[in-house]
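Before I ask anything, here is the structure I am working with.
Laboratory data are not the source of any read-out in this text; all were calculated from the coordinates shown. Note that the structure is a prediction, hence the values are computed from the model and not measured. For neighbour counting, all protein chains shown are included, and Cβ atoms are generated from backbone atoms with ideal geometry for every residue, glycine included.
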Amino acid sequence: KSNKLICMKTIFLIFTALIIAGCSVFPKSMTSNVNRDITMEQVQTNPERYAGQKVLWGGIILTSENLEKYTQIEVLESELSFDERPYNGTSRGRFLIHSPGYLDTNIFAKDKRISVVGTVKGVETGKIGKMDYQYPVIEPLDLRVFEPIPDRRGEYDYPYYPQMYGPYYPYSPFYPYGPYSPYGPYRNPYYPYPYPFP
């Protein structure tokens with residue numbers, strides 16, 4: 001019985017891996033030899049060691065500019081989902097994409113999401129405000145750009161109950177759960193508690 005259970009778990013894991021692999025926005029041939037262990041911090045600390053390594057990074061476009069020999073895209077790094085698309089989440093910093101030739105900056109516009117498979121060129125010192133910043137630089141092999149994740153706050157006319165966990169407060173046996181509760185399983189994920197209503 002235990003062998004049968006192990007076999008079923010193995011089949012399930014293989015099946016899940018195949019589904020996830022098949023959902024990537026990049027072809028498998030492009031990502032097969034990507035080093036997913038390389039982080040931005042490692043490249044900033046020791047750029048010579050990681051120069052030429054193939055990485056897959058993504059994030060939110062901050063700026064894009066056509067320079068003399070390449071198009072430069074500044075990206076606020078973010079985590080990638082299972083299909084290699086970036087989503088709005090915790091960032092470890094910024095990096096630059098130097099794409100040889102011309103890219104249309106209206107396509108690679110501010111606030112769009114971008115995923116890139118490319119090689120590490122090194123670091124480039126730039127400015128964030130008045131502070132020097134070491135930008136990891138990626139030369140792209142393949143790029144994918146996506147529309148921004150929509151901000152759906154304000155689409156639903158939920159009332160705001162300050163100091164309250166739900167509409168059942170404080171008279172219901174269901175307290176502190178309810179459709180407005182931060183603890184309930186059906187809360188709207190676009191409204192972190194306390195809800196940002198006027």
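Answer with yes or no whether Glu124 is part of a strand (DSSP E or B), among the acidic types (Asp, Glu), out of contact with any Cys (no Cβ under 6 Å at 6 or more places or on another chain) and closer than 17 Å to Ile38 by Cα. Write out each step before concluding.
On the way: part of a strand (DSSP E or B): yes; among the acidic types (Asp, Glu): yes; out of contact with any Cys (no Cβ under 6 Å at 6 or more places or on another chain): yes; closer than 17 Å to Ile38 by Cα: no.
Taking the combined requirement at face value, the residue does not satisfy it.
For the range 108-125, enumerate the residues that are within 19 Å of Pro47 (Cα to Cα) and exposed (fewer than 14 other Cβ atoms within 10 Å of the Cβ). Walk me through it before giving the result.
Here is the first cut: in the range 108-125, the ones within 19 Å of Pro47 (Cα to Cα) are 116-125.
Passing the criteria: only Thr125.
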